[in-house]
Amino acid sequence: MEHAYDYLIIGGGMAGDAAAKAIRAADASASIGLVSAETSPPYERPPLSKALWKGDKSLESIDLGTAATGAQLHLGRRVQTLDPATRRASDDQGDEYRYGRLLLATGAAPRQLPFAGDRVIDFRTADDYRRLRRHAVAGAHIAVVGGGFIGSELAASLCGAGCKVTMIFPGASIGSGRYPPTLATFLDDYYRVRGVQLLSGVKVVDGSAGEDGVELGLSDGRRLRADAVVAGLGVTPDIALATQAGLTVEDGVVVDAQLRTSDPHIWAAGDMANFFNPSLGRRLRVEHENAAVDMGAHAGRAMAGAGGDYATLPYFYSDLFDLGYEAVGLLDARLQQVEDWSEPHRKGVVYYLDGGRVRGVLLWNVWGQVDAARELIAQAGPVDADSLHGCIPHDG
């Protein structure tokens with residue numbers, strides 16, 4: 001079967017949804033098609049590791065309402081070939097799609113554990129959440145592999161669900177490489193007090209899964225039994241289609257200031273897009289909700305002829321038990337750090353500096369100051385580290 005659209009979106013995540021809405025707002029009569037490998041319409045991803053576990057949201061409530069744009073959704077289909085010369089794409093069920101302009105929003109794939117099974121979950125999608133939820137009953141022992149954003153959120157959420165949790169990660173601490181050392185030490189102790197067992201400095205090297213549980217082999221020689229294991233090991237950008245189509249690829253699909261790829265009729269957005277940020281003075285690829293939504297919307301407007309330069313700074317947030325934070329820019333412990341605490345490790349701001357400029361701001365239990373952080377990062381500097389104390393108020 002052949003389909004023809006003015007705008008074709010490949011990828012059914014938050015970037016694809018935002019693009020469809022932006023296109024419809026800019027071009028009311030356009031035909032829009034969206035092809036997604038997932039069987040569900042586009043949905044919010046952050047609640048999968050946070051709000052769904054607390055009961056603040058339901059699976060039904062996270063639907064983003066893409067269908068209301070009038071876009072034709074082709075779900076459960078993976079586009080396998082893309083020919084920029086003829087502006088055609090084909091999927092794994094034999095359907096073909098002709099397009100005027102195309103957005104690649106194929107996202108990223110989770111890094112996987114070295115063994116598989118129903119009780120082994122490489123966490124990324126709503127289906128992964130459903131599978132983990134089946135095993136994460138009160139009293140169950142769940143091993144969480146990874147000490148980054150997803151791993152730390154899942155560990156807190158699983159504890160809240162009454163599970164016994166063991167975290168396994170190769171770094172020295174939770175969030176290793178992102179937080180100042182004293183904050184990282186505090187966070188480790190904070191998790192231990194809440195019953196989380198931490199196995200730091202080790203990796204999962206092998207394992208096996210059965211009907212009643214999993215056994216993990218660790219790099220230090222230990223074996224660990226659990227009812228299920230969930231991995232938050234980060235992701236790799238899904239660039240297979242872009243590579244096949246001959247687009248420029250370098251740690252993601254390279255895009256210009258309007259998010260256009262090396263082909264004039266193809267744009268890219270979300271986890272798999274490599275863009276230049278003027279405030280940070282560098283290219284980067286961002287794997288957070290805010291970037292997916294902002295980039296998707298910007299690409300949609302640009303495709304419809306209504307876009308300018310994309311200059312949004314990276315932003316993300318997290319909930320860790322009763323702690324929470326927002327972060328703007330780069331969180332890299334290799335940068336100079338200036339800590340400004342009103343309550344040590346409970347409320348404060350951490351500034352990340354490089355070359356006399358603020359490159360990142362961590363707002364730890366400090367709310368309503370994201371715009372102030374963005375303005376600070378946009379300043380040319382040089383910045384005196386001592387002057388940063390009190391620069392961003394701790395109470396909005």
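The values are calculated or read from the model by the stated rules, or taken from the named source; none is laboratory data. If you're wondering where the values come from, they're calculated on a predicted model, not measured in any experiment. Every residue, glycine as well, gets a Cβ built from its backbone with ideal geometry; the counts of neighbours run over all protein chains shown.
Within region 110-127, which residues are crowded, with 16+ Cβ neighbours inside 10 Å and within 18 Å of Met272 (Cα to Cα)? Residues satisfying the conditions are Pro110, Phe123, Arg124, Thr125. Just name the residue that is nearest to Pro264 (Cα to Cα) out of those in region 70-99 that are buried (at least 19 other Cβ atoms within 10 Å of the Cβ) and hydroxyl-bearing (Ser, Thr, Tyr). Per the criteria, the residue is Tyr99. At least 3 residues being farther than 20 Å from Gly148 by Cβ is the threshold, and among the strands (runs of 3 or more DSSP E) wholly inside region 233-292 those reaching it are 266-268, 273-277.
Only residues that are part of a helix (DSSP H, G or I) and more than 19 Å from Asp319 (Cβ to Cβ) were counted in region 136-192, giving 3. When Arg130 is tested against (1) outside the structural domain of Pro47 (by TED's automatic domain parsing); (2) assigned to a loop (DSSP other than H, G, I, E, B); (3) exposed (fewer than 14 other Cβ atoms within 10 Å of the Cβ), exactly one condition is not met: (2).
Restricting attention to region 185-210, the residues being within 21 Å of Gly160 (Cα to Cα) and free of Cβ contacts under 8 Å to residues at least 24 places away in the same chain number 4. Kindly indicate the residue of region 247-287 that is farther than 13 Å from Leu104 by Cβ and touching a residue at least 60 places away in the same chain (Cβ under 8 Å) and also nearest to the chain's Cα centre (by Cα) among those meeting that condition. Going through the qualifying residues, I end up with Glu287.
Just one residue in the set Val358, Val350, Val383 is at pLDDT below 95 and outside the structural domain of Met14 (by TED's automatic domain parsing); that residue is Val383.
Could you grab me the full set of residues in region 123-163 that are of a type in the set (Phe, Trp, Tyr) and either touching a Pro at 6+ places or on another chain (Cβ under 9 Å) or free of Cβ contacts under 8 Å to residues at least 12 places away in the same chain (or both)? Working first, answer last.
Pass one, region 123-163, residues of a type in the set (Phe, Trp, Tyr): 123, 129, 149.
Selection gives Phe123, Tyr129.
Is it the case that some residue within region 338-354 is free of Cβ contacts under 8 Å to residues at least 60 places away in the same chain, part of a loop (DSSP other than H, G, I, E, B), surrounded by 14 or more Cβ atoms within 10 Å (Cβ to Cβ) and aliphatic (A, V, I, L, M)? No; the residues of region 338-354 include none that is free of Cβ contacts under 8 Å to residues at least 60 places away in the same chain, part of a loop (DSSP other than H, G, I, E, B), surrounded by 14 or more Cβ atoms within 10 Å (Cβ to Cβ) and aliphatic (A, V, I, L, M).
Ala311: out of contact with any His (no Cβ under 8 Å at 6 or more places or on another chain) and not in a loop (DSSP other than H, G, I, E, B), yes or no?
Judged against the criteria, Ala311 is not a match.
The C-beta contact set for region 73-86 (first residue assigned by TED's automatic domain parsing to the domain that holds Tyr97, second residue of a type in the set (Ser, Thr, Tyr) and crowded, with 21+ Cβ neighbours inside 10 Å, distance under 6 angstrom, 6+ apart or interchain) comprises Leu75/Ser36.
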